[in-house]
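The values are calculated or read from the model by the stated rules, or taken from the named source; none is laboratory data. As the structure is a computational prediction, the values presented were derived from the model and not from experiment. Heads up, the Cβs are rebuilt from the backbone with ideal geometry, glycines too, and the neighbour counts pull from every protein chain shown. To get the accessible areas, we keep the full protein, side chains included, count just its heavy atoms, and leave off ligands, DNA and RNA. Shrake-Rupley method; radii C 1.70, N 1.55, O 1.52, S 1.80 Å.
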Amino acid sequence: MTEIAVAELAQNLRDAIANLETTEGLEANGIVTRVGDGVAWVHGLREAGYSEVLEIETVDGVVEAFALNLMEDEIGAVILGQDSKVAAGNKVRLKGVILDVPVGEELLGRVVNPLGEPLDGGPAITTKQRGLVEREAIGVLGRKHVHEPMMTGIMAIDAMFPIGRGQRELIIGDRQTGKTAVAIDTMINQAKQKTGVINVYVAIGQKLSKVARLVDRLKSEGVMDQTIIVATGPSDPASLLYLAPYAGTAMGEYFRDKGGHALMIYDDLTKHAVAYRQMSLLLRRPPGREAFPGDVFYLHSRLLERSAKLSDELGAGSLTALPIIETQAGDISAYIPTNVISITDGQIFMETDLFNQGIRPAISAGLSVSRVGGDAQTKAVKSVSGHLKLGLSQFRELASFAQFGSDLDEATKNQIERGQRLTELLKQPQYSPLSIWEQSASIFAVNEGAFDRVPAGKIKDVQSALLTKLWADHKKDMETLNKGAEKVEGDIAKLIEKVAKAVAKGFEG
Amino acid sequence: MSSHLSRTKIAHYVAEQLRAGKRDVVAELAAFLVEERRTGEADLIMRSTLEQLEAEGIVLADVTSATAIDEAIKTELQKLTGAKQLTLREHVDESVLGGIRLETPSQRIDATFAHRLSQLRERKI
């Protein structure tokens, strides 16, 4: 066959496909029998698939819904948007696709709803690609162990509970304990340290004023350019709240699959479970514990399983997840908290008591854990933080004895004093993440006892003086340390110790 | 406790009886629905029955066009639906402008000019 004939053949094939695509045929037809509370019941459409999009023809145009209950006599579909337009008797047809959202770089810097429509008053978003909202997680062979650090910039986390790229680390705690603050600091740190990690913040039923404040803060910190915000408010239909984390994950997966790195923040999954419970009860699914449906575990496990570190063959991209769960009165053994704790690779537990004592971030050293992040910790931080967690936990245990003061033996006294200094050191104001060298040098100085004569109340001042001095006089060494590839030992250790001791002299009292 | 018989199962039974020529199944169904206090579902059960019959090749379809349709079109429609026995309920409606709209119990094709125009309008928006 000549080349020309092949070209013609290809053209004919394309024409034929185009022809087929525009030819209308018989399409399945259903009818709305009942509607209310965001759920439409549809008769007919026996070919409908689970999670398939349905188009309901209303007087004011087409309203979309997706099929969640496929039953013998009817379909229960959750309406995306206003249900007031939908009426019994409306015709319904299958769209032939399952739900997808726009994905791509075009979304960076934008605030969108879970359908990818802009909420920030900006121009309409046109992307080259679309991503499936519900997508199967990558398999075993497509994954690699978590080994690169995802620095949060929060010393207490990076030193004691390091997070790696591709890890799922739960942030859990009561209301007003600084859970969102940890997540926001992590996002800010990605811009400050120029890690190139894309942030996707998913607000599930959050007050829109809070989201607006967050956007302003991210803009002023210069983080918004590498951030996508998927926002749903408390007044949005439960269907949108339910979709938000899946839609956000689809947007994050685009960067993961391209070999990039993305960070997902789900704020918060408690509200997500509540929205799903609402939908399930309205769909007449049988309630289980705390009235949640039987598949509430699968709801979160299939979401979080999509966060992964990909193998080199697949481009070595990663999707890290920081889901947030709100507890009631510190009860981490409630239904949803235990579920998500068991799904994730560790949790950061925020305590109300610590928060009220002024220890912020209020991270509980005893109840927090990172199960896979150890390999991902930078050598520099790892070399100085070896016994930090144990020391701090022991100190919190001993702290109650501190009131006996002089009755204690010397070793216990020392442990308490060191613990007090470490506790002070790990306090960190919001929106000021620390880089690797800052963390390593600070912890090293306290561990080596350079600040032993400085009163605990002045630790933050002496730390700040040390960091300023080190950066001013030894910038090159600090830049090397900041790469994190080398342990804090030898010359660099001596240098930090020397400067720390010199700086400490001004604060002793 | 009596089990709730699904509409699909009822429709299956009714369709079977109708095919066997037993017209009194309608009275039987009415009695059943009254007894079970499910008269509100009568329309949906009729719809399901028609869908069941459609699956077996006995199709009752509504056809809407701007002018009356001729035999050639009817033959075409029979081919399109793939029905063994097609009963058409014809409606003439000038507002469709031209073309044809066919609605069977579970399927639909709208090839009217009015529909095409509204589609074009939507895409333009």
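Of the residues that make up region B:71-78, is at least one of a type outside the set (F, W, Y) and under 23 Å from B:Q52 (Cβ atoms)? Quick ask: steps written out before the conclusion?
The initial filter retains those residues of region B:71-78 that are of a type outside the set (F, W, Y), namely B:71-78.
With the extra rule that they be under 23 Å from B:Q52 (Cβ atoms), the set shrinks to B:77-78.
Yes, region B:71-78 contains a residue that is of a type outside the set (F, W, Y) and under 23 Å from B:Q52 (Cβ atoms).
So that you can scan it fast, the table gives a plain yes or no per residue for (1) surrounded by 15 or more Cβ atoms within 10 Å (Cβ to Cβ); (2) at pLDDT below 95; (3) of a type in the set (A, V, I, L, M, F, W, C):
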site: A:G457; (1), (2), (3): no, yes, no
site: A:H474; (1), (2), (3): yes, yes, no
site: A:L481; (1), (2), (3): yes, yes, yes
site: A:V488; (1), (2), (3): yes, yes, yes
site: A:L495; (1), (2), (3): yes, yes, yes
site: A:K501; (1), (2), (3): yes, yes, no
site: A:G506; (1), (2), (3): no, yes, no
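Do you know which residues across region B:61-71 are away from chain A (no Cβ under 12 Å) and over 14 Å from B:G99 (Cα atoms)? Working first, answer last.
Initial filter on region B:61-71 (away from chain A (no Cβ under 12 Å)): B:63-71.
Within region B:61-71, just B:E71 meets the criteria.
Would you confirm, using the coordinates I've provided, whether B:I58 is aliphatic (A, V, I, L, M), open to solvent by less than 60 Å² (accessible area, probe 1.4 Å) and within 14 Å of another protein chain (Cβ to nearest Cβ)? Working first, answer last.
Numbers: aliphatic (A, V, I, L, M): yes; open to solvent by less than 60 Å² (accessible area, probe 1.4 Å): yes; within 14 Å of another protein chain (Cβ to nearest Cβ): no.
No: the conditions fail for B:I58.
Looking only at region A:378-402, how many residues end up being more than 16 Å from A:A456 (Cβ to Cβ) and in a helix (DSSP H, G or I)? Show your work before the answer.
Within region A:378-402, the first condition is being more than 16 Å from A:A456 (Cβ to Cβ), and the residues that meet it are A:378-390, A:393-394, A:397, A:400-401.
Next cut, in a helix (DSSP H, G or I) only: A:379-385, A:388-390, A:393-394, A:397, A:400-401.
Of the residues in that region, 15 qualify.
I'd like to verify a number: residues in region A:24-41 that are hydrophobic (A, V, I, L, M, F, W, C) and within 11 Å of chain B (Cβ to nearest Cβ), how many? Steps first, please.
The first filter runs over region A:24-41 and keeps only residues hydrophobic (A, V, I, L, M, F, W, C), leaving A:26, A:28, A:31-32, A:35, A:39-41.
With within 11 Å of chain B (Cβ to nearest Cβ) added as a condition, the list becomes A:26, A:28, A:31, A:41.
Selection size over region A:24-41: 4.
Under the condition of being of a type in the set (A, V, I, L, M) and buried (at least 22 other Cβ atoms within 10 Å of the Cβ), which residue from region A:260-274 is farthest from A:K179 (Cα to Cα)?
First, pick out the residues of region A:260-274 that are of a type in the set (A, V, I, L, M): A:262-265, A:269, A:273-274.
So of that shortlist, the ones also buried (at least 22 other Cβ atoms within 10 Å of the Cβ) come out as A:262-265, A:269, A:273.
Details: A:A262: 19, A:L263: 16, A:M264: 14, A:I265: 11, A:L269: 12, A:A273: 18 Å.
Residue satisfying both the conditions and the ranking: A:A262.
Those residues that are more than 16 Å from A:D73 (Cβ to Cβ) and either β-branched (V, I, T) or within 14 Å of another protein chain (Cβ to nearest Cβ) (or both), I need them from region B:1-38; list them, please.
Across region B:1-38, the qualifying residues are B:V25, B:V26, B:V34.
So in region A:42-54, with the set limited to residues that are open to solvent by 20 Å² or more (accessible area, probe 1.4 Å) and within 12 Å of chain B (Cβ to nearest Cβ), which one is nearest to B:L50 (Cα to Cα)?
Of region A:42-54, the ones open to solvent by 20 Å² or more (accessible area, probe 1.4 Å) are A:46-47, A:49-50, A:52.
With the extra rule that they be within 12 Å of chain B (Cβ to nearest Cβ), the set shrinks to A:46-47.
Working: A:R46: 14, A:E47: 17 Å.
Filtering first and then ranking leaves A:R46.
Here are the criteria: (1) on the phi > 0 side of the Ramachandran plot; (2) under 20 Å from the mean Cα position of the chain (by Cα). Tell me which single one B:R37 does not satisfy.
Among (1) on the phi > 0 side of the Ramachandran plot; (2) under 20 Å from the mean Cα position of the chain (by Cα), the lone unmet condition for B:R37 is (2).
Within region B:17-35, count every residue that is closer than 22 Å to B:Q85 by Cβ and loosely packed, with under 15 Cβ neighbours inside 10 Å. I'd like the intermediate steps shown before the answer.
First pass over region B:17-35, keeping only residues closer than 22 Å to B:Q85 by Cβ: B:17-26, B:29.
Filter once more, so that each one left must be loosely packed, with under 15 Cβ neighbours inside 10 Å: B:19-24, B:26.
Qualifying residue count, region B:17-35: 7.
Quick one: which of B:A42, B:A83 is of a type in the set (A, V, I, L, M), open to solvent by less than 50 Å² (accessible area, probe 1.4 Å), over 20 Å from A:A28 (Cβ atoms) and within 14 Å of another protein chain (Cβ to nearest Cβ)?
Details: B:A83 fails: over 20 Å from A:A28 (Cβ atoms).
Matching residue, one of B:A42, B:A83: B:A42.
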